[in-house]
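Chemist: If you scroll down you'll find the structure; I have some questions about it.
The values are calculated or read from the model by the stated rules, or taken from the named source; none is laboratory data. Everything quoted here is computed from the prediction, not taken from an experiment. Ideal geometry is used to build each Cβ from the backbone, glycine not excepted, and the neighbour counts take in all protein chains shown. For accessibility, only protein heavy atoms count, side chains too; no ligands or nucleic acids. Shrake-Rupley method; radii C 1.70, N 1.55, O 1.52, S 1.80 Å.
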Amino acid sequence: MMASRRRIIGTRIAIGFVLTISALFPTGARAQGFGDYPVIYRPAKGAKDLRSVLFNWTWYMGMLRGVDEHELISSLEYQGKGAIQVGGQPCTLTKYRVSTSYQTPGQRVQYTCTRPNGQTASGVEVVSGHYAWNEDIAGAEIVPGKGKATPMPGAVEERLIRLWASPQGAAKAAIAGLMPAAQLGANPGTLLKDGVDKVGETSLSWEGGKPVVTYPMPGVPGAIATATLNDKYMAERVVVKQGSKTTEFTYGDYQDWNNPLNKVDALYAGKITERHDGAVVRDLTTVQTETGSVYVVMPVPASVRAAIHVAAQQPAAPKTLEASGETPRMANGHPDLTGNWGFNAMNWRYGNRRCDPTQQEGCSRALNQTMDFEFEAPSRWGPNRPMYKPEYWDKVQELDMWTNKEDPVMTCQPLGVPREGPPRRVVESANDVIFFYGEYVDGGGGYGEYRVIPTDDRKHDEKKAIESTYMGYTVGRWEGDTLVLDSISFVDTTWLARGGFFHSDQMHVIEKLTRKGDKILYEVTVDDPESLVEPWVMTPRTLTVSTFPDAGLLRERGNCEVYETKDISSQIRH
């Protein structure tokens, strides 16, 4: 069971606020037993159009999560056994691990196998976007001097086909074919109208009573996939044709292959066979998967970028503030940050989704909500993740898998900086600012912490820097209209965010707050040379002056107390 927590009345003070959920849900019919939330889409009985097929494909697979049933499978760990072709010879596997990110998109395949003559072969094959390379160790060259990465430009298309023809990747690719910029993770029922069989480059036909979906392979010019679905709307066969080449994948024995402690009803094929022009190159039996947006990254080594020419991508436009009203200022001319501030509560979609058609016996909407937290937590779902050194990749996954006992929020520790996020209330004077924080940050936690920060451009005092704290030792300075906060001396027991995102006691955090009119742009950079490859620039957030009458009221809050911690056995994580 998971660790339980309760509140007792104590002496901590926090900001009173109301956690509001933005209008994510369009008006529409409400399903009986589905709470007060609208059902965005449900296929009509017997529907056989493209909309119903794409929805059922993802629904039956357990890919739709959250009250609004977004498609939330972002990454996957897979382990299998069987045989693969290496150098044109069959090779019996002793290790086969596939780490997949559907957001990058990218995939890392690690294998060790034995040839018929008894020789051992091993390799690490990676694709990330339009780059492909082999590694002698996982994460080669990400840390200078560790490992060797060999560019493999000729393998890009083959590896992308394997990724996008996979049991879950095929459904995602079919949805992507509907339009050039389909919303990432959108409920497929929201992208189509009833009664059509072709939208964009994705089309539907029926053969022998089975739906057949045809769509282009993302990132592979000229490659067209045809997926034949079974009576449970799961791909039993995917054939990809590219010129004279034919790659065929057959799938069977769909189950939740996660370990027994984390059964979350995200299904994957238990039997996988891959053929190139009729010849079997991979024949796999699934051993175990780990779904739930686990930490998977494919950073491209500098040597690979230099060797493989890829058209330059336009950098993302810097975040700007669209504000109204004049910017209030202090007597010294600096922007006055004083006020009660509300901000977008990330992408949490609280509520209870429906049970899907393949869900385990005893399914309940309350259980679904708990399950879905591990899919839709912003830090797990979003592509902007800290880049840990390769030797820590498995540690991050392990911590996340045991969130219920390893996440410090589960043992009532303060969230700390930067996980606390921006303040709920700010009081500014000529030489300092006071930040007050609220509760329920990051989907839970936060116990009314506050910070008093000097803003007179002083430097860190070495004597004060000896003591480590949750919120860090912070000094501030003004750079034009931006308040810059520089923090060091952190305890190493907090996380950057849920998902196992730990840090060391060498963490250094820079926060920037820029006020314009009724808004503040909040930016954070985290540097941790012990655990991170590079500084992590968090996704900027916009704060807006709160108009809620009681937003700034201070009231007594309860402390957090932990109990039932001895029997934590479930990895279904918050």
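Chemist: Could you check residue 273 against (1) touching a residue at least 24 places away in the same chain (Cβ under 8 Å); (2) closer than 26 Å to residue 67 by Cβ and say which number it fails?
Modeler: (2)
Chemist: Any idea which residue in segment 126-135 is most open to solvent (accessible area, probe 1.4 Å), counting only those that are of a type outside the set (A, V, I, L, M, F, W, C) and closer than 13 Å to residue 303 by Cβ?
Modeler: Among those residues, the one meeting the criterion is 134.
Chemist: Considering only residues of segment 204-217 that are part of a strand (DSSP E or B) and open to solvent by less than 30 Å² (accessible area, probe 1.4 Å), which is farthest from residue 242 (Cα to Cα)?
Modeler: Per the criteria, the residue is 211.
Chemist: Taking segment 364-404, which residues are farther than 14 Å from residue 299 by Cα, touching a strand residue (DSSP E or B) at 6+ places or on another chain (Cβ under 7 Å) and either in a loop (DSSP other than H, G, I, E, B) or modelled with pLDDT under 90 (or both)?
Modeler: Once the filter is applied, which keeps residues that are farther than 14 Å from residue 299 by Cα, touching a strand residue (DSSP E or B) at 6+ places or on another chain (Cβ under 7 Å) and either in a loop (DSSP other than H, G, I, E, B) or modelled with pLDDT under 90 (or both), segment 364-404 yields 372, 375, 376, 379.
Chemist: Taking the options 220, 296, 264, 238, name whichever one is open to solvent by less than 40 Å² (accessible area, probe 1.4 Å), over 30 Å from residue 148 (Cα atoms) and modelled with pLDDT of 95 or more.
Modeler: On the way: 220 fails: over 30 Å from residue 148 (Cα atoms); 296 fails: over 30 Å from residue 148 (Cα atoms); 264 fails: modelled with pLDDT of 95 or more.
After ruling out the rest, the residue left standing is 238.
Chemist: Is it true that some residue in segment 284-292 is out of contact with any Leu (no Cβ under 8 Å at 6 or more places or on another chain) and either over 28 Å from residue 400 (Cβ atoms) or of a type in the set (Asp, Glu) (or both)?
Modeler: No, there is no match, as no residue in segment 284-292 is out of contact with any Leu (no Cβ under 8 Å at 6 or more places or on another chain) and either over 28 Å from residue 400 (Cβ atoms) or of a type in the set (Asp, Glu) (or both).
Residue-by-condition table, conditions (1) touching a Ser or Thr at 6+ places or on another chain (Cβ under 8 Å); (2) open to solvent by less than 60 Å² (accessible area, probe 1.4 Å); (3) modelled with pLDDT under 95:
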| residue | (1), (2), (3) |
| --- | --- |
| 456 | no, no, no |
| 484 | no, yes, no |
| 489 | yes, yes, no |
| 498 | yes, yes, yes |
| 503 | yes, yes, no |
| 509 | yes, yes, no |
| 534 | no, no, no |
| 539 | no, no, yes |
| 547 | no, no, yes |
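Chemist: Taking segment 43-88 on its own, how many of its residues are under 30 Å from residue 287 (Cβ atoms), of a type in the set (Val, Ile, Thr) and part of a loop (DSSP other than H, G, I, E, B)?
Modeler: 1
Chemist: In addition: Picking from 494, 474, which residue would you name as being under 26 Å from residue 411 (Cβ atoms) and open to solvent by less than 10 Å² (accessible area, probe 1.4 Å)?
Modeler: Being under 26 Å from residue 411 (Cβ atoms) and open to solvent by less than 10 Å² (accessible area, probe 1.4 Å) holds for just one of 494, 474, which is 494.
Chemist: Residue under question is residue 88, and the condition is that it be under 19 Å from residue 134 (Cα atoms) and without any contact (Cβ under 8 Å) to a residue 12 or more places away in the chain; does it hold?
Modeler: Yes, satisfied.
Chemist: Now, a different point. Which count do you get for residues in segment 430-453 that are in a loop (DSSP other than H, G, I, E, B) and either touching a strand residue (DSSP E or B) at 6+ places or on another chain (Cβ under 9 Å) or without any contact (Cβ under 8 Å) to a residue 24 or more places away in the chain (or both)?
Modeler: Residues meeting the conditions: 10.
Chemist: Counting only residues that are within 24 Å of residue 127 (Cα to Cα) and of a type in the set (Lys, Arg), give me the strands (runs of 3 or more DSSP E) lying completely in segment 234-330 with at least 3 of them.
Modeler: Correct list: empty, since no element meets the threshold.
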